[in-house]
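K.L.:
Provided herewith is a single structure, encoded as structure tokens, for subsequent inquiry.
The values are calculated or read from the model by the stated rules, or taken from the named source; none is laboratory data. All figures in this text were calculated on a predicted structure; none of them were measured in a lab. In this analysis, Cβ positions are derived from the backbone assuming ideal geometry, glycine residues included, and neighbour counts consider all displayed protein chains.
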Amino acid sequence: MTEKIDTILTAAREHCAKVIKPNIDQWNENAKWPRDASDLAGAAGLTGLYCPEEFGGQGLSLGDGIRVYEELGMGDGAYAFTLSMHNICAYAACGFGTDTFKNTWAKDLIAGRKLANFALTEPQSGSDPANMHTRATVNDDGSYTVSGAKAWVSLATKTWLCLPFPPAPTDCPSGRSMTHRHTPSCPWLKCIWTMLLYQLRT
């Protein structure tokens, strides 16, 4: 793993030096997502950091992924954050989606051909996951109904896959017992993982 993370960190530094830093002022002036840049990030292996290697991902730990974002953030924090958002959603999809879901989305997400994001922020509660108004309820037939509203979704018009956050229902077993070796120890991130994994198992 040491050799792999060193290679990925080198790719991140090169992406920062050759793609982000020379163009960040123009990106900000244009006020548009630099799709050509994220395509290059995908080609450099930076859009499937946590995803299983069987699908072409890097299989990194959360901690090693953060090291990658630190390198990208040397060029621009917002760009690094956006790629981190894509990576966490791609990992949830590729690691915990149904087989049909994985077969449909995994390779395109890992290659960066399609971007993913999540919808956390709400008009009433901002970006506080503990106070969300969105709810998922279990129907009699085992399906789920999600109700609520999201706002200010990053890259809303640029992503192919958006995971809206409903808290896992208290009577949903998968919402109570989702663990994995990459699950963060931070309570706030655990909350994020729980909601992501819940919706990919339903």
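K.L.:
Is it true that some residue in segment 47-60 is of a type outside the set (D, E, K, R), surrounded by fewer than 16 Cβ atoms within 10 Å (Cβ to Cβ) and not in a loop (DSSP other than H, G, I, E, B)?
P.N.:
no
K.L.:
Something else now. Name the pairs whose Cβ atoms lie under 7 Å apart, with the first residue in segment 137-157 and touching a residue at least 12 places away in the same chain (Cβ under 8 Å) and in a strand (DSSP E or B), the second hydroxyl-bearing (Ser, Thr, Tyr) and exposed (fewer than 11 other Cβ atoms within 10 Å of the Cβ), and 6 or more positions between them or separate chains?
P.N.:
137/145
K.L.:
Report whether or not residue 50 is in contact with a Leu (Cβ under 8 Å, 6 or more places away or on another chain), more than 19 Å from residue 156 (Cα to Cα) and among the aromatic types (Phe, Trp, Tyr). Break it down stepwise before answering.
P.N.:
Values: in contact with a Leu (Cβ under 8 Å, 6 or more places away or on another chain): yes; more than 19 Å from residue 156 (Cα to Cα): yes; among the aromatic types (Phe, Trp, Tyr): yes.
Spelling it out, residue 50 is indeed in contact with a Leu (Cβ under 8 Å, 6 or more places away or on another chain), more than 19 Å from residue 156 (Cα to Cα) and among the aromatic types (Phe, Trp, Tyr).
K.L.:
Could you list, in sequence order, all residues of segment 62-77 that are surrounded by 15 or more Cβ atoms within 10 Å (Cβ to Cβ) and small (Gly, Ala, Ser)?
P.N.:
Hits for segment 62-77 are 65, 73, 75.
K.L.:
How about segment 122-135: which of its residues are among the polar types (S, T, N, Q) and surrounded by fewer than 19 Cβ atoms within 10 Å (Cβ to Cβ)?
P.N.:
Initial filter on segment 122-135 (among the polar types (S, T, N, Q)): 124-125, 127, 131, 134.
Scanning segment 122-135 gives 124, 125, 127, 131.
K.L.:
From the list 72, 40, pick out the single residue that is over 28 Å from residue 164 (Cβ atoms), part of a helix (DSSP H, G or I), modelled with pLDDT of 95 or more and touching a His at 6+ places or on another chain (Cβ under 7 Å).
P.N.:
On the way: 72 fails: over 28 Å from residue 164 (Cβ atoms).
From the options 72, 40, the qualifying one is 40.
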